[in-house]
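The values are calculated or read from the model by the stated rules, or taken from the named source; none is laboratory data. For clarity, every value in this text was computed on a predicted model and none was experimentally measured. Positions of Cβ are backbone-derived with ideal geometry, glycine not excepted, and every protein chain shown enters the neighbour counts.
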Amino acid sequence: MQNYAEAIKDFVEKHATGLTVAVVAGAGVLALRRWLAGGVCRSKVRLDGKTVLITGANTGIGKETAMDMAKRGARVILACRDMTRARIAADEIRQQSGNGNVVVKKLDLSSLQSVRDLAKDVQESETRLDILINNAGIMMCPKWKTEDGFEMQFGVNHLGHFLLTNCLLDLLKKSTPSRVVIVSSLAHEKGRMEFDDINLDKDYHRMKSYRQSKLANVLFCRELASRLKDTGVTVYSLHPGVICTELGRHMFPTLALWQKILLRPITLFMKTPREGAQTTIYCAVDESQADVSGLYYSDCAPKSPAPNALDDEAAKKLWDISASMVGLA
């Protein structure tokens, strides 16, 4: 034992500089990782007797948001396209939260009929809706079309949620005070509304499409808040952070396996789904934001969006075009 201790002492003395550098570097990485994790929702508010509907809640930040809502005692509706995965997620949420009041409903945001069917189901089966979280999305996919012929990213990320929210407004108003939370992205900052080519038929680029859809989310939030002023329904949009989830599965479709392996260390500096869900949760429940509406958030705090997201004329124009596209005009 003495020889072993002496050997360790000798090793430390010989490599003191290297060990010091390693410790400092490790502490630096941990501090950086903690900083990148961002804000945390500190609210302890309970949601017993409340109903929350979350789109795309079978994976990623949607699932983590659903878990949090269930732990607060809410009735949680997982509105998802993949029913098998949704049922598995619901079972997991019930078990971990101890809340059996978690239900699954079918929703395919790329189909306006599916959106209407879900809204009708909710209107007929639910007596209230306190929080609607428009979370589901698709990112940087090829030039695909929705069932109704719309460009996929604009159709899923904006139009599907636009229609769903409008169809559920009466129930939200009946349940006031209630909230609508719209998950957008920092990508909106470089977005531009192509009103003359909204489906990008003339010039489609994956990132251009994604940015437009995320800008549409923030503009929708702004206009919806204006239209719902003094109704008791408040609206929030947010950037969840750069998160390691399935959302980015279309970003590098042609990479070889070894290339994807080389990229894995980057994920260490991304938020986990639980960390990424914090701003959504904050907007959904935090008491300090109860009387605020129409703002944009990041890391559990209000943040000024890009100037193009503050354009009230563009927000109204987007509303009118969206209403026409989904058949509400």
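Quick notes on this structure:
- Of the criteria (1) more than 19 Å from the chain's Cα centre (by Cα); (2) outside any helix (DSSP H, G or I); (3) modelled with pLDDT of 95 or more; (4) not aliphatic (A, V, I, L, M), which one Lys316 fails: (2)
- Taken over segment 39-54, the criterion of being among the polar types (S, T, N, Q) and touching a strand residue (DSSP E or B) at 6+ places or on another chain (Cβ under 8 Å) is satisfied by Thr51 alone.
- Among (1) outside any helix (DSSP H, G or I); (2) touching a strand residue (DSSP E or B) at 6+ places or on another chain (Cβ under 6 Å); (3) within 21 Å of Pro302 (Cα to Cα), the one test that Leu200 misses: (3)
- Where helices (runs of 4 or more DSSP H) fall wholly inside segment 55-163, the ranges with 1 or more residues that are in contact with a strand residue (DSSP E or B) (Cβ under 9 Å, 6 or more places away or on another chain) and touching a residue at least 60 places away in the same chain (Cβ under 8 Å) are 60-71, 112-125.
- Considering residues of segment 78-88 that are hydrophobic (A, V, I, L, M, F, W, C) and within 15 Å of Leu109 (Cβ to Cβ) only, the residue surrounded by the fewest Cβ atoms within 10 Å (Cβ to Cβ): Met83
- Scanning segment 293-305 for residues that are out of contact with any Phe, Trp or Tyr (no Cβ under 7 Å at 6 or more places or on another chain), buried (at least 16 other Cβ atoms within 10 Å of the Cβ) and in a loop (DSSP other than H, G, I, E, B) gives Ser293, Gly294, Asp299.
- Within segment 45-54, being among the hydrophobic types (A, V, I, L, M, F, W, C), buried (at least 19 other Cβ atoms within 10 Å of the Cβ) and in a loop (DSSP other than H, G, I, E, B) holds for one residue alone: Leu47.
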